[in-house]
Amino acid sequence: MRFTRDDFAGDVGAWRRSGDVSTRARGDNFAFDEHVGPDRLADFETFDFQARGLKGACGEYFQYSIVGVERTHVPSTFTSINERAWRYEGMEDNQKIVRLERIDDALGRTGHANERDAAFDRLNAAMGFQRDESVIRPILRQFEAYTGARPAFACFHRDVAKDLKAPDWLPRLIARLGLGHHRLQRGQRGYFALMIYTVGEVREQARHIAHPFAVPTVLESRDSPHFYPAPYGRREGYAVDLDHRAARVSICEFLHARLSYQPAHLVKVGRLNGPAPDLDLAAARDAHLRRLRDCFDRPDFGALMAEEAMS
């Protein structure tokens, strides 16, 4: 991805020269993304930005072009300008999709740990053999209160089925899916819900969208250093495993149009205390890059724009 605007290109170059790992990662993500086509790039560069600089522009574009302010908004992610990143091949309606949701706010808006713990315990109990939907439904309704139509990062159930059976399924999933924003600090407690639904359910609810699935691009990453763009060619993204020592196969990730959850979609809940294991971001990204190069037979991937970064 190469900007035609000098100010945006300059920001990318400066970020890539930074000695800070996170800043360098953000710059590399723009340099390496091959799924942002000419139409999407033009749409981004000509957007009516109020903020100055690439960082502010990304925030505004994400908020207004991707998320929107209305539930009926169609994200630019799924419009024709992003056709290069559409994902539609080989997806059958009965394929199961997995998404991990953070439910802290849904359990209690006050932020008090005792309130959220009590609400979590009630929810967990309600998911027993005889499910109590009178407890489950109010939690799920909280998701409908969020404005806009933010695309959801997700993966296929088949890719994480073994992980979900493990006693430590929650931290394993956070690591394997590259969910660095869910990493907890010391003294923090997080609450999570595992959602499982089908490709067909997404398509049914997104009938107004011709192509409701897409490969994640840097524009949907919300400036995250834990994201890594995939090389063009297989119509899917790959999540960065935050545990670089695990040497596991990368999980395929994709975006889909927003889904209204039903009680049957809620399969598991989990509670996690910080701190999360130490993260070596540089090592995790380097290991991920090696896997991408091997998987795509692209030894050059990740070296794009090297001369611009060093100039």
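As a size descriptor, the averaged projected area of the C-alpha convex hull of the range 1-145 was calculated at 13.1 nm².
From the alpha carbon centroid of the range 165-206 to that of the range 63-108 is 15 Å.
Within a straight-line Cα-Cα reach of under 17 Å, Lys162 can be paired with the following lysines, leaving aside sequence neighbours fewer than 8 residues apart in one chain: Lys96, Lys268. Quick check: the distance between the Cα centres of the range 214-256 and the range 1-53, to the nearest angstrom? About 18 Å separates the Cα centre of the range 214-256 from the one of the range 1-53. Think of a 1.4 Å ball rolled over the protein heavy atoms: the range 1-141 then has 52 Å² of accessible area per residue.
Computed 3J(HN,Hα) for the range 247-255, one whole-Hz value per residue from the Karplus formula 6.51 cos²θ - 1.76 cosθ + 1.60 where θ = phi - 60°, is 6, 9, 5, 5, 7, 5, 10, 8, 10, glycine and proline marked x. In order along the range 115-124, phi translates into HN-Hα couplings of 5, 5, 4, 5, 5, 5, 4, 5, 5, 4 Hz, rounded to whole numbers, per the Karplus curve 6.51 cos²θ - 1.76 cosθ + 1.60 with θ = phi - 60° and x for Gly and Pro.
D by Stokes-Einstein for the chain, Kirkwood Rh over Cα pairs, 25 °C, 0.890 mPa s: 120 µm²/s. Here is the list for the range 52-111: chymotrypsin sites (Phe, Trp or Tyr not before Pro) lying in DSSP coil, each with at most 12 other C-beta atoms within 10 angstrom of its C-beta, are Tyr88.
Give me D for the range 66-112 in µm² s⁻¹, whole number, from Stokes-Einstein with Rh from the Kirkwood sum over alpha-carbon pairs, 10 °C and 1.306 mPa s. For these conditions, the coefficient is 110 µm²/s. Here is how the number arises for the chain: DSSP H runs of 4 or more residues each give -39500 (n - 2.57), the sum is divided by the residue count, and the result at 222 nm is -10500 deg cm²/dmol.
Computed from label points 7 Å out along Cα-Cβ, the spacing between Arg71 and Ala161 is 3.5 nm.
The values are calculated or read from the model by the stated rules, or taken from the named source; none is laboratory data. Remember, predicted model here, so these are calculated numbers, not experimental data. Methodologically, a virtual Cβ is constructed for each residue, glycine included, from the backbone with ideal geometry; neighbour enumeration extends over all protein chains shown. Keep in mind that these areas ignore ligands, DNA and RNA; they rest on the heavy atoms of the full protein, side chains included. Shrake-Rupley method; radii C 1.70, N 1.55, O 1.52, S 1.80 Å.
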